[in-house]
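The values are calculated or read from the model by the stated rules, or taken from the named source; none is laboratory data. Since the structure is predicted, the reported quantities are computational estimates derived from the model, not experimental observations. With ideal geometry, Cβ positions are generated from the backbone for all residues, glycine too; neighbour counts draw on all protein chains shown.
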Amino acid sequence: MRIKNWTKFQHFKDRKPPWVKLYRDLLDDIDWHELDPLSAKVLCMLWLIASEDDGYIPELKTLSFRLRLPIKTTKDCITKLTHWLEQDDINVISKEYQNDSLETERETEIKREKEKETEAKTKASRLSPNWKLSDDDYNFCRSERPDLDPQKIAESFKDYWISKPKDASKTDWSATWRNWVRRQDISKNKQKSFYQSDLEIKKARHDEMVGKTKKPTIDITPNDILELK
């Protein structure tokens, strides 16, 4: 990259002169007056840097260091200074800048998506009215507490958290469900599987019905027979 018309306006016998020429035409240059303060400052510094190498400006990384500016800021300023730079060179830089900007935008977009995912995972929320017991939560209850009926416990779990007015937001409802299952009162469930309890109830009813239909039996002893005689 090179300063436009360098040899026309700057004449030095030796490189790295202590000063450069600044022409009064700049006062009536519309492009100059439309520059923002930082870009105008950078242009003056580019003239000084270019005087070290016959109007040529070093590659972007070195230039960024010489200007004491971030690479992105340096690129932004250069794209605004096309009026004072060789056109071919600035077009190349502009393309590189555009490609780099697109890449930066993609990286930023991916980063934001990851942040949103993380935020969604860590953000507390209330239990949805449409909450239903998942297969994993159901199986956990069966294996951890076989004395419980998962569906009945799920109903009490849902009713409790939906009706709770305060402190009812959780970041992980599956973890809340597991703790709920673990804390169920064992004594109320008699430490028996609800399937076993159901079978026992059915069996007791069956025995009761069978007992009622049996004919009563009378135990007679030998003494009873003698008395009858």
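Just give me the residues in region 29-74 being surrounded by fewer than 16 Cβ atoms within 10 Å (Cβ to Cβ) and in a loop (DSSP other than H, G, I, E, B), in sequence order.
Asp29, Glu34, Asp36, Glu52, Asp53, Asp54, Pro58, Glu59, Arg68, Pro70
How about region 46-67: which of its residues are more than 41 Å from the chain's Cα centre (by Cα) and closer than 12 Å to Ile78 by Cα?
Across region 46-67, the qualifying residues are Leu46, Ile57.
Just give me the residues in region 32-85 being at pLDDT 85 or above and of a type in the set (D, E, K, R), in sequence order.
Glu34, Asp36, Lys41, Glu59, Lys61, Arg66, Arg68, Lys72, Lys75, Asp76, Lys80
Would you pick out the residues in region 33-61 that are in contact with a helix residue (DSSP H, G or I) (Cβ under 8 Å, 6 or more places away or on another chain) and in contact (Cβ under 8 Å) with a residue 24 or more places away in the chain? Write out each step before concluding.
Residues of region 33-61 in contact with a helix residue (DSSP H, G or I) (Cβ under 8 Å, 6 or more places away or on another chain): 35, 38-40, 42-43, 45-46, 49-50, 54-58, 60-61.
The answer is Leu35, Leu38, Ser39, Val42, Leu43, Leu46, Ala50, Asp54, Gly55, Tyr56, Ile57, Leu60.
Within region 134-148, track down each residue that is touching a residue at least 24 places away in the same chain (Cβ under 8 Å) and either within 20 Å of Lys170 (Cα to Cα) or not in a helix (DSSP H, G or I) (or both). Step through it out loud before you land on a result.
Start the filter on region 134-148 by keeping residues that are touching a residue at least 24 places away in the same chain (Cβ under 8 Å), which leaves 134, 136-137, 140-141, 144-148.
Residues satisfying the conditions are Ser134, Asp136, Asp137, Phe140, Cys141, Arg145, Pro146, Asp147, Leu148.
Exactly one condition in (1) loosely packed, with under 12 Cβ neighbours inside 10 Å; (2) at pLDDT 90 or above; (3) within 16 Å of Thr171 (Cα to Cα); (4) of a type outside the set (Asp, Glu) is false for Ala120; which is it?
(2)
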